[in-house]
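Okay, so here's the structure we're looking at.
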Amino acid sequence: MTPDLSPEAAGPDPAVLKGEMRAAAEFLSGTPPSDGTSRGAGSQRTSDLSIDEEFVLHSVGWEPIQLVCGVSLYSIPMGVWNWGQGEIGHASTAYARAFAAATDRIHRECTDVGGRGVVGVHVESEVHRHHVDVALVGTAVRSVGSKGLSADPVFVSDLSGRDFALLHASGWEPLGLAVGASFVYAPRRSAGVAIKQKSQNVELTNFTEAMYSARESAMERMQRAAMEMGGSGVVEVKVTEGPMGFARHAIGFTAYGTVVRLVAGRHQRLGPRMVLPLDDPVVQFEATAIRGR
Amino acid sequence: MADVPADLPEAAGRRFADGAFTSALTVPDFAACLQLGLEPVAYVQGFCVMQWRWYGMGANFGPFGQFTGPGNRGYSENWPCPHGFVSAEHRGFGQNYEQSWIEDAWRQGFDAAYGRMIEEATSLGAHGIVGVVDASEPLGDLGVLEFRVQGTAVRVEGGPAPAEGRPWTTYLAGQRLAKSIEAGFAPVSIAAAVSSVRVWAYCVTEYLTEGSSPGWGYQVAAAEIEQTARAHMAVRRIARDQVRAQLAGDSFHGASMVTRQRELGQGDAELQCILRGNRVRRFKEFDPLPPPQPTVRLR
């Protein structure tokens, strides 16, 4: 196969790039544009997307508007982390409500600035002994050129600009963030069992079972939330699991992801092109090998 | 070389007068900048070590003991106790307020360091500064804060001098800067702001944060800690508003928002939000790209 040596394949022409840089410098120096157009009229947009993400969003007909955020803290009553059995309902509820309230606030900020959705949402959630903190920060986006409020529901998604564009090109759309969380006590072993197991290789089934229990509840809640939004699935699911630092007999499992729905008649095949990069890392020379070590 | 700033060490002036350029650019960024027609001039830096004087919010009460509002400017919200008088220890009043004196002090340190970097670049006849890196961190255990702003001063091949001789600045360098220019955005300056909000918890916030019940005697379900949640929203909003105030109609790209909470006990907290990014101005109409071609890398 003949390699593609066309100018397009070799990247932008340096002369054009230099010309554009010079045009930018002339513009900033105050020289009016030679074609008499008035540019620079600002829309005062703010965005935490990278320039690559902005490019790719534009390519599918979307543009960023404003940086938006939503935060909520919910309390966890005293004593709920003490030894017990089953799910720690107060903690699971606090997590779910904090997430819902934060989502509601970022949703409202997006609507206020005329956005159709929020992409690239950074999710920060922390579970403390007495409170759960959830903070969401992302960029509100809308279709290029659209103005004012839209009748379409606003979505909140943690997909990056690139992933959003890929999803869009495949005929799918994001609907919102679905979350599920569960905190479960690992039942206490009896003193006799603990002593007997002290010198054995043995599975601590109380912890394994607690982990499974927390996992099932959390995943089930996330899936239920996705179905309530009318989605057909959840992508980019992120999970955290493990004992709580301040209550090591309690297992926490949290899961969240972006709910998606097929809007085209069927999934659009992207047909990716295969590329063979020529920048593979070279094998490093190992000086110690010479000495036979 | 043009005039060397008076507060620059003499050795720095001699170094700048030497022929070789210096740059903090990586080799790929360096190559991309040359492709854009940007010639590196020097690695320019600005420092400022600040010790704050004792700051306070000012008087909150008038001559007759009446509450007249906080002595600071900006955001504040009051939270009266719903329980009535309980005891002297009871937190019967809470307040969220913007610590404008901290924001002003940070601004002073940052602007001084940034201004010194600009001064160096101006003295070298640079048109812009690319790949800016800034940091503010405690200097040892002296109780002082060091501000550092660094970047690579560049000249645009065949380009005119910047407006009022003041170089433009950007956190971007290399391919990202090239793409920004291609997209029609000219770098104007970096934009950064800090906001600070103090939470003086009232009784309900204290109880909820410490895990006890504000209802006394019965265990409530999970409840929102509204005072702290509103402080979190406020600290982010203030940072955004401060950055918007610097934009003068331009856009703000590649924002990074970092929020920290320092818990002080009994529900009290101090929140700080730093927002930084690139102030850009559109200099040509945007040519939308065709939808990108997905690729699979073979290894």
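Readers should treat all values here as calculations from the given coordinates under stated rules, not as data from a laboratory. What you are looking at is a predicted structure, and each value in this text was computed from that prediction instead of being measured. Cβ atoms come from the backbone with ideal geometry, glycine included; neighbour counts cover every protein chain shown.
Would you mind getting me the FRET efficiency between residue B:104 and residue B:210? Use the beta-carbon distance for r and R0 = 35 Å, nearest 0.05. Efficiency, from the Cβ-Cβ distance: 0.60. Database remark: amide H of residue A:159 closer than 5 angstrom to the amide H of A:120, A:121 (H placed geometrically; neighbours at sequence offset of 5 or more, or on other chains; Pro and chain starts carry no H). Put simply, the amide H of residue A:229, placed in the peptide plane, has no neighbours under 5 Å, leaving out anything fewer than 5 places away on its chain.
The helix-based estimate of mean residue ellipticity at 222 nm for the protein assembly as shown, built from -39,500 (n - 2.57) per DSSP H run of four or more residues and divided by its residue count, is -9500 deg cm²/dmol to the nearest 500. Put a dot 7 Å past the Cα of residue A:266, heading toward its Cβ, do the same for residue A:241, and the two dots end up 3.6 nm apart. Once the chymotrypsin sites (Phe, Trp or Tyr not before Pro) in DSSP loops with at most 10 neighbouring Cβ atoms within 10 Å are cut out of chain B, the longest remaining piece is B:86-215. Sequence-distant contacts, meaning Cα pairs under 8 Å at least 6 residues apart, place the relative contact order of the range B:96-232 at 27 percent. Under the simplified labelling scheme, the residue B:141-residue A:78 pair shows an inter-label distance of 3.5 nm, with each label point 7 Å from Cα along Cα→Cβ. Here residue A:204 and residue B:14 are evaluated by their C-beta separation; at R0 = 60 Å the FRET efficiency comes out at 0.30. Across chain B, the longest piece that holds none of the GluC sites (Glu not before Pro) lying in DSSP loops with up to 14 other C-beta atoms within 10 Å covers B:90-284. Residues whose amide H lies under 5 Å from that of residue B:189, counting only those 5 or more places away or on a different chain, are B:169, B:279; hydrogens are built 1.01 Å from N in the peptide plane.
Residue-wise HN-Hα couplings along the range B:89-98, as the Karplus relation 6.51 cos²θ - 1.76 cosθ + 1.60 with θ = phi - 60° gives them from phi, are 7, 5, 7, x, 8, x, 8, 9, 8, 6 Hz; Gly and Pro carry x. Per-residue shielding of B:224-236, expressed as the average number of other chain Cβ atoms within 10 Å of the residue Cβ, stands at 6. Computed over the alpha carbons of the range A:45-262, Rg followed by Dmax gives 20.2, 71 Å. Find, among the trypsin sites (Lys or Arg not before Pro) in the range A:123-169, those assigned to loop by DSSP (not H, G, I, E, B) with at most 14 other beta-carbon atoms within 10 angstrom. Of the trypsin sites (Lys or Arg not before Pro), the ones in loops of the range A:123-169 whose Cβ has at most 14 other Cβ atoms within 10 Å are A:147. In the protein assembly as shown, the C-alpha radius of gyration followed by the widest Cα-Cα span (Dmax) gives 28.0, 90 angstrom. By the beta-carbon count within 10 Å of each Cβ, the least crowded to most crowded order of A:143, A:72, B:76, fewest first, is A:143, B:76, A:72. Using +1 at the C-beta of Lys and Arg and -1 at the C-beta of Asp and Glu, which of B:189, B:156, B:201 has the Cα lying farthest in the positive direction of the dipole of the range B:154-250? The Cα lying farthest towards the positive end belongs to B:156.
Peptide A:256-269 shows a mean partner chain C-beta count of 0 within 10 Å per residue C-beta. Between residue B:34 and residue B:289, what length comes free when the chain is fully extended (0.36 nm per residue of separation minus the Cα-Cα distance, one decimal in nm)? Taking 0.36 nm per residue and subtracting the Cα distance, the gain is 89.4 nm.
Other protein chain C-beta atoms within 10 Å of residue C-beta, averaged over B:78-89: 0. The Cα center of the range B:134-170 and the Cα center of the range B:222-299 differ in position by 21 Å.
Rg/Rh for chain B (Cα atoms only, Rh after Kirkwood) is 1.09.
Between residue B:77 and residue B:226, the modelled labels are 0.9 nm apart [label points 7 Å from Cα along Cα→Cβ]. What the phi angles of the range B:160-176 give under the Karplus curve with 6.51, -1.76 and 1.60, with θ = phi - 60°, is a coupling list of x, 5, x, 4, 6, x, 8, x, 7, 9, 7, 6, 7, 7, x, 4, 5 Hz, glycine and proline written as x.
Sequentially through the range B:181-195, phi angles give Karplus couplings (6.51, -1.76, 1.60; θ = phi - 60°) of 5, 4, 6, x, 10, 8, x, 9, 6, 6, 10, 9, 8, 10, 10 Hz, Gly and Pro residues having no value and appearing as x.
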